[in-house]
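Accompanying notes for the structure given below.
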Amino acid sequence: MRCLKWSRSDAVWFTEIDDEHKEIFEALGGLQKAVSGPDAPDIRKAVEHLAASVAGHFAHEERLMRAARYPSLAWHKRQHQAAQKRVELFAQRLEQGDGSGAAELVEYLTGWLHGHTRVADRMMGAFLRNRLRCIGKLTFRAGTKPANAIDWVDTRGENMDPLATTTGL
Ligand SMILES: [Fe+2]
Ligand SMILES: [Fe+2]
C-alpha cells in the first residue's frame, strides 16, 4: 500500500494547491477507511467527497493555468481527465451496486497523485511563481475554493490582464 499522506516531497510550493492536495489525500484516506468498514453508505459518501475534491481541485488548477497562459495546459489537463475518468467510472459502478474496485481506486489514485504532483503540478507551480515574480508588483488573487474567480490585480486592487502589459512576461 502506498503512502496515503501528503509530505513535503509532494510540495508544489504554491500554498492553495498544496492545501488542496492535502485535502485529496485525506479524502483518499477516508475512502480507504470506509472500504475496510462494514457499511456501503460510508463508501458512497467517501467516494462522493473524493470525487468532489478531485473535480474542484482540477478545475481550480486549470483556471490558474488558463489565467497565467500556461503553455502546457492541454497536456496537464489530459492527465487530469485520465484520473477523473477512473473516479467517475468507479462512482458509476458503485451506483449499480458494485463497490468491489474501491481498494484498487485508492491504490491507483494515491500513486497517480504522488506522480502527477511531483512532476506536472510542480512544473505548473514553478511557472505560476515565475509569472508572479515577473510581474512583481501584482498580486495573484486566487480563491482557495474553485467557485471563486481568479484575477490578476494591480497594487490598487484593480483587475488587469498580464498579457496586456510589457512588464517582462
Ligand atoms: Fe494537476
Ligand atoms: Fe494537483
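A few comments on the model shown:
- Per-region count, the range 89-118, residues within 13 Å of the chain's Cα centre (by Cα) and without any contact (Cβ under 8 Å) to a residue 12 or more places away in the chain: 1
- Some residue of the range 31-49 being in contact (Cβ under 8 Å) with a residue 60 or more places away in the chain and within 16 Å of ligand 1 (Cβ to nearest atom): no
- Just one of the numbered conditions (1) of a type in the set (Phe, Trp, Tyr); (2) touching a Leu at 6+ places or on another chain (Cβ under 7 Å); (3) closer than 28 Å to residue 123 by Cα is not true of residue 90: (3).
- Scanning the range 89-126 for residues that are surrounded by 14 or more Cβ atoms within 10 Å (Cβ to Cβ) and farther than 23 Å from residue 7 by Cβ yields 90, 91, 93, 94, 99, 101, 102.
- Restricting attention to the range 39-77, the residues that are in a helix (DSSP H, G or I) and either of a type in the set (A, V, I, L, M, F, W, C) or under 23 Å from residue 129 (Cβ atoms) (or both) total 26.
- Exactly one residue among 31, 89, 50, 64 is within 13 Å of ligand 2 (Cβ to nearest atom) and among the aliphatic types (A, V, I, L, M), and that residue is 64.
No lab work stands behind these numbers, since they all come straight from the coordinates. Keep in mind it's a predicted model, so treat the numbers as computed, not measured. Backbone-built Cβ (ideal geometry, glycine too); neighbour counts: all protein chains shown.
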